[in-house]
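Visitor: Below you will find the structure I want to go over with you.
Just so it is clear, none of the values below were taken in a lab; they were calculated from the coordinates. Computed from a predicted model, the values in this text were never measured in an experiment. Here the Cβ is made from the backbone with ideal geometry for all residues, glycine too, and neighbour counts use every protein chain on show.
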Amino acid sequence: DMGGHDTYMHKEISEQADAVDRVLRGRIDDRFSTVHLGGLNLDAREARTVRRVKILGCGTSYHAGLIGAQMIEELARIPADAEPASEFRYRNPVVDPDTLYIAVSQSGETYDVLAAVQELKRKGARVFGVVNVVGSAIARESDAGVYVHAGPEVCVVSTKCFTNTTVAFALLALHLGRIRDLSVADGKRIIEGLRKLPAQITEILAQEAEIKKIADQYADARSMMFIGRVRGYPVAREASLKLKEVSYIHAEAYPASELKHGPLALIEPALPTVAIVPDDDLLEKNRAAMEEIKARSGRILAVAHQEQEKADHTIVVPKNEDELDPILMGIPLQLLAYHTALALGRDIDKPRNLAKSVTVE
Ligand code: F6R
């Protein structure tokens, strides 16, 4: 049942305020400015022994993991990174008992992720799941975990589950941070930010008509560049994936800082750039990158916290805490991908060549 929407993708994008509300519900502890994650089974003493975090997933879940790794580093100050599960599993990785491994999956059935979990467990590692489907294979094989509570996702491309997974990672990062060195004041600040998310998502979704107009203007592009720095870079990668999956427009994501090391050669009016421009300490750097693109007559669509002078179009999103901004900045770009695909008459819920869950190697 699409509940009045034309596609599941549109329905699922539209449901995100409620979905985020669900992942937060019952988990916030105001007394200690932290969160409780019932399925974690990790006491404080054990949590303090974690020296690294390694996040494994595929596709969109991998991108949510990239954001999660940054949150864990920023809030808990534990070195963290994300890697595609398939790469990890084929490179005979060093498995370290002091590392916490986290498997991320919407379906909980993706074979490459499941196989990575099984290999890790066989080697004695600690494996957590950040999973949407309750009771799925990855949830069962993990030692513990956090459910994402996005609700059923039917469209082949993931939208609401991506957003909820990044929120689940924010909760985990806050939890680990408050066991370690994150102050009460910072804990409070993050909790206030988390509580603002559902209303801010509603604000973003209310801009759909304008985003559709922008999409109609870029739908003739044969290729698009997505750029961002640090917190903005995984957002750019996910937005690039979403656009290619549903619209079949080629898209490429690059760190803004790497533009001048090569891809600047591609910039011309026929190759538009989407720039993720949060109002954080890298704002000036991002403006400089946009200036370089403008100097080569490139068109720019900015996703930012304020109107960007250098951009041809800006989608303004509400500001949250710096650490939580990536959760919101991808949402208008889900709508951009959707309306671009719609303008091009694509089969939005079932893009060619793709399956919802990849249970084979
Ligand atoms: C992208 C997409 C895929 C999945 C990937 C992992 O929109 O849907 O890239 O994210 O196949 O799937 P899960 O999260 O079920 O493990």
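Visitor: Taking 8 Å as the Cα distance limit and 6 or more residues as the minimum spacing, I'd like the relative contact order of region 116-248 as a percentage. Numbers along the way, then the final one.
Guide: Numbers: 83 pairs, mean separation 17.5, N = 133.
After rounding, I find 13 percent.
Visitor: Considering only region 102-222, what is the antiparallel percent among its DSSP beta bridges, to the nearest 5?
Guide: Within region 102-222, antiparallel bridges account for around 0 percent of the total.
Visitor: While we're here: Modelled label-to-label distance, HIS36 and TYR248, 7 Å Cα→beta-carbon offset: nm?
Guide: 5.1
Visitor: Of the residues ARG140, ARG189, ARG31, which exhibits the maximal mean-square fluctuation in a Gaussian network model of the chain defined by a 10 Å Cα contact cut-off?
Guide: ARG31
Visitor: Still on this structure, I have one more. List the chymotrypsin sites (Phe, Trp or Tyr not before Pro) in region 177-259 that DSSP assigns to loop (not H, G, I, E or B) and whose Cβ has at most 16 other Cβ atoms within 10 Å. Which are they?
Guide: Working: sites: TYR218, PHE226, TYR248; in loops: TYR248.
Passing sites in region 177-259 are TYR248.
Visitor: Quick one: work out the % antiparallel among DSSP beta bridges in region 21-162, nearest 5.
Guide: 10
Visitor: Of all DSSP beta bridges in the chain, what percent run antiparallel (nearest 5)?
Guide: On the way: 2 of 40 bridges.
Of the beta bridges lying entirely in the chain, close to 5 percent run antiparallel.
Visitor: Report the FRET efficiency, 1/(1 + (r/R0)^6), for VAL358 and ARG25, where r is their Cβ-Cβ distance and R0 is 35 Å, rounded to 0.05.
Guide: 0.70
Visitor: If you don't mind, there's one more thing I want to ask. In region 168-281, what is the count of Lys pairs whose alpha carbons are under 27 Å apart, counting only pairs at least 8 residues apart or on separate chains?
Guide: Close lysine pairs under the 27 Å cut-off: 9.
Visitor: What FRET efficiency comes out for the pair ARG52/ASN92, r = Cβ-Cβ distance, R0 = 22 Å, nearest 0.05?
Guide: 0.80
Visitor: Continuing with this model, one more query. Please give the net charge around GLN106, taking every other residue with its beta carbon less than 12 angstrom from that of GLN106, where Lys and Arg add +1 and Asp and Glu add -1.
Guide: Numbers: positive: LYS160, LYS356; negative: GLU12, GLU109, GLU153.
That sum, taken over residues with Cβ under 12 Å, equals -1.
Visitor: Can you give the direction-averaged projected area of the convex hull of the alpha-carbon atoms in region 132-256, in nm²?
Guide: One quarter of the hull surface, i.e. the mean projection, equals 10.2 nm².
Visitor: Hydropathy at least -1.0 by Kyte-Doolittle, axial extent at least 30 angstrom from the Cα trace: which helices of the chain, defined as entire DSSP H runs, fit?
Guide: Values: long enough: 184-205 (32 Å, 0.15).
Helices passing the filter in the chain: 184-205.
Visitor: Which of GLY151, GLY135, GLY232 ends up with the largest GNM mean-square fluctuation for the chain, with Cα atoms connected below 10 Å?
Guide: GLY135
Visitor: Could I ask something else about it? Under 10 Å, Cα contacts only: if you run a Gaussian network model on the chain, which one of ASN41, ASN132, ASN320 comes out with the highest mean-square fluctuation?
Guide: ASN41
Visitor: Sorted by mean Cβ packing within 10 Å, highest first, what order do the peptides 79-91, 332-344 take?
Guide: Numbers: 79-91: 18.8, 332-344: 23.5.
Most protected by this proxy first, the peptides run 332-344, 79-91.
Visitor: Right, something else. I'd like the distance between the alpha-carbon centres of region 112-178 and region 217-260, rounded to an integer number of Å.
Guide: Distance between centres, Cα-based: 25 Å.
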